[in-house]
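Everything below concerns the one structure shown next.
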Amino acid sequence: MDPWVVLLGWALAIPVIALAIFRLDRRVDERTVPFMAILAAGIFVAQMLNFPVGGGTTGHLIGATLAVVLLGLNGAIVVMTAILVIQCLVFGDGGLTALGLNLLNMAVIAPLVAYGVLRALKGHEGAAVPVASWASVFLASLACGLMLSASYVISDGAFGIIGSVAIPAMAGWHAVIAIGEAVITSGVVLFLKRVAPEMLEINGPEEAGA
């Protein structure tokens, strides 16, 4: 990635994450923290299943919608941040230079999109979760493709990937991957709604942590 794009990623991601941590700290209790850790572990494993999608890029599930449904917006941002930091520092997934952009795409954009769709489709429970899941993955991947393309243009080809390759590779393939995420997330939410509806934060009084 071009250094200017890297800096922009950090500049946009850090304030949102800091605000989420501040807001979450005001309402989290000792029972929530272990649940956040368990959820983070599950999403972590799902994200580690990477496969090539062309153009030198890879695809994987994100899990942001499930995190929003179970923890609210702020909790989802914090959990996704923890997952990505551990992946970077312990497993070298993406590396430090890409961490800010990964945080922006998967810890900020994906949860915000999921939260927005869930709120917009409130009252249409059959569509809300699958649409939010699909949209969060697709738009986060589209943002990544645009970042790769911007890096290529800014650096005259020294960094990034040309847009005609990066955008279709990321957005096109993730449009399909997002269907899988929608099916998995919807199945988990439906199961929890039957056995433990109190776990679904999106139905709680604080409207998903807003």
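Only the coordinates and a few stated rules stand behind these numbers; no lab work does. Only a predicted model underlies this, so the values are computations on that prediction, with no experimental measurement involved. In this analysis, Cβ positions are derived from the backbone assuming ideal geometry, glycine residues included, and neighbour counts consider all displayed protein chains.
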Within a 10 angstrom radius of the beta carbon, how do 164, 186, 155, 141 rank from fewest other beta carbons to most? 164, 155, 186, 141
Which of 115, 152 has the fewest other C-beta atoms within 10 Å, and how do the rest follow up to the most? 152, 115
With runs of 4+ DSSP H residues as the only contributors, calculate the mean residue ellipticity of the chain at 222 nm using -39,500 (n - 2.57) per run, divided by the residue total and rounded to the nearest 500. -23000 deg cm²/dmol
Helix 125-154 sits off the longest principal axis of the Cα atoms of the chain, rounded to the nearest 10 on a 0 to 90 degree scale, by 20
Give me 31, 119 ranked fewest to most by other Cβ atoms within 10 Å of their Cβ, as a rough exposure proxy. 31, 119
Extension gain residue 193-residue 33, at 0.36 nm per residue separation less the Cα-Cα distance, in nm? 55.5 nm
For semi-axes √(5λ) of the Cα gyration tensor in Å, the listed values are (i) 29, 19, 15; (ii) 24, 22, 18; (iii) 26, 20, 16; which was obtained by calculation from the structure presented? (i)
Identify which of 116, 145, 100 has the largest mean-square fluctuation in a Gaussian network model of the chain, with springs joining Cα atoms closer than 10 Å. 116
Considering the chain as a Gaussian network with a 10 Å cut-off on Cα pairs, which listed residue, 198, 181, 30, attains the greatest mean-square fluctuation? 30
For the chain, modelled as a Gaussian network with Cα springs under 10 Å, which listed residue fluctuates most, 129, 78, 33? 33
Here the net charge surrounding residue 46, from other residues whose Cβ is less than 15 Å away from its Cβ (Lys, Arg +1; Asp, Glu -1), is -2
What is the sum of charges, Lys and Arg at +1 and Asp and Glu at -1, for the other residues whose Cβ falls under 14 Å from the Cβ of residue 62? -2
Can you tell me the relative contact order of the chain? Whole percent, Cα pairs under 8 Å, sequence separation 6 or more. 27
